[in-house]
1. Residue 191 - would you say it is farther than 21 Å from residue 63 by Cα, without any contact (Cβ under 8 Å) to a residue 12 or more places away in the chain and not aromatic (Phe, Trp, Tyr)?
2. For the subset of segment 119-143 comprising residues that are assigned to a helix (DSSP H, G or I) and of a type in the set (S, T, N, Q), which member is nearest to residue 226 (Cα to Cα)?
3. Enumerate the pairs (first residue in segment 255-278 and without any contact (Cβ under 8 Å) to a residue 24 or more places away in the chain; second residue anywhere and part of a helix (DSSP H, G or I) and β-branched (Val, Ile, Thr)) with beta-carbon separation below 8 Å, excluding pairs fewer than 6 apart on the same chain, so at least 6 apart or on different chains.
4. What number of residues within segment 1-37 satisfy the criterion of being more than 30 Å from residue 253 (Cα to Cα), more than 30 Å from the chain's Cα centre (by Cα) and either surrounded by 11 or more Cβ atoms within 10 Å (Cβ to Cβ) or not hydrophobic (A, V, I, L, M, F, W, C) (or both)?
5. Keeping to segment 84-118, report how many residues are more than 19 Å from the chain's Cα centre (by Cα), hydrophobic (A, V, I, L, M, F, W, C) and exposed (fewer than 12 other Cβ atoms within 10 Å of the Cβ).
6. Pick out the one residue from 31, 14, 69 that is among the hydrophobic types (A, V, I, L, M, F, W, C) and touching a strand residue (DSSP E or B) at 6+ places or on another chain (Cβ under 8 Å).
7. Between a first residue in segment 3-24 that is in contact (Cβ under 8 Å) with a residue 40 or more places away in the chain and a second residue that is part of a helix (DSSP H, G or I), which pairs have beta carbons less than 8 Å apart while being 6 or more apart in sequence or on different chains?
8. Please find, within segment 119-142, the residue that is surrounded by the most Cβ atoms within 10 Å (Cβ to Cβ) out of those that are aliphatic (A, V, I, L, M) and at pLDDT below 90.
Amino acid sequence: MTSLLLLLLPSLLFLAAVFALPLVRYLWLSFHADSVMTGLVAIPNDAANWQRFFQDLRFWQDLGQTLRFALASVTLELLVGFAIALMLNQPLRGRALIRTTALIPWALPTTVMALGWRWIFNTPYGPVNRLFESTFGQSLNALGEPTLAWITTVYADVWKTTPFVALILLAGLQTIPADLYEAARLEGAGVWTCLKRITLPLLLPYLGLALMFRLAQAFGVFDLIQVMTGGGPASSTESIALYAYWNALRFLDFGYSATIMIGSFIILTTMVAIAWMVITTARRRTAMGAPS
């Protein structure tokens, strides 16, 4: 045990340096006033930042928008990623090339990808708008109308990160022994029965891993929204991370910005814990052979 701890010590120190220490710093800063009004000097203000946090209607509006974005994008990514993983797990000709090509969207930097989608949906020069004009005779203001702007950001996020989900699920599919499917087919099981009784139960750990990763990333979305819409129109696509960014860099209110991030971290941790409990319960029921 001692030797194991010694081997893990460098990694633990690295995690403390890049994660724990900034978190402690943010927590400390959330109980201080540190803004342009104080000359950027941290002054203790008890729980004033937290009182403002719970009364901040814009934060709760952005929280709702962020949750809606995260739930929509992660759900679509899991569904589409699962379908792609099933396809890539088949003995196709040129499978290695197809797998490599499928990973290109994920390999692109988010900022570069977002710039590309902003041009594609641009009015009046983007190809989507030109196609819409030639078909229906009117412009499509995809990034200037609240609902359409939200849909385009979700679409761009799904396009970008679905390959990541597919890669995780493909790794899980390749760990399932082929003998299980052969035995099930000999007993008369069809494709849907194999999927329900073999594939999904054995893939649950990988689905849970993909869900944890993507839920955390989608909840903290920043660069995609900042590049594509800047949080607009009328703050309809503004995320929590973008709101904290505006408070920190536009208004130089670092104390309250830290409070937003700590509060968001607590909410995200709670969501991840609940999701993990649900996945763990499902795995236990599957292992015990309980009906779904």
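The values are calculated or read from the model by the stated rules, or taken from the named source; none is laboratory data. Please read all numbers here as calculations on a predicted model, not as lab measurements. All Cβ positions, glycine included, derive from the backbone under ideal geometry; neighbour counts span all protein chains shown.
1. Answer is yes for this residue.
2. Kept after step one, since they are assigned to a helix (DSSP H, G or I), are these residues of segment 119-143: 119-120, 127-136.
Narrowing the set further to residues that are of a type in the set (S, T, N, Q) leaves 129, 134-135.
Numbers: 129: 21, 134: 30, 135: 30 Å.
My answer is 129.
3. Listed pairs, sorted by first residue: none to list.
4. Residues in segment 1-37 being more than 30 Å from residue 253 (Cα to Cα), more than 30 Å from the chain's Cα centre (by Cα) and either surrounded by 11 or more Cβ atoms within 10 Å (Cβ to Cβ) or not hydrophobic (A, V, I, L, M, F, W, C) (or both): 2 in total.
5. Number of matching residues: 2.
6. On the way: 14 fails: touching a strand residue (DSSP E or B) at 6+ places or on another chain (Cβ under 8 Å); 69 fails: touching a strand residue (DSSP E or B) at 6+ places or on another chain (Cβ under 8 Å).
When all the criteria are applied, what remains is 31.
7. 23/262; 23/265
8. Going through segment 119-142, the residues aliphatic (A, V, I, L, M) turn out to be 120, 128, 131, 140, 142.
Now narrow it down to the ones that are at pLDDT below 90: 128, 131, 140, 142.
Numbers: 128: 16, 131: 11, 140: 20, 142: 23.
Across segment 119-142, the extreme among qualifying residues is 142.
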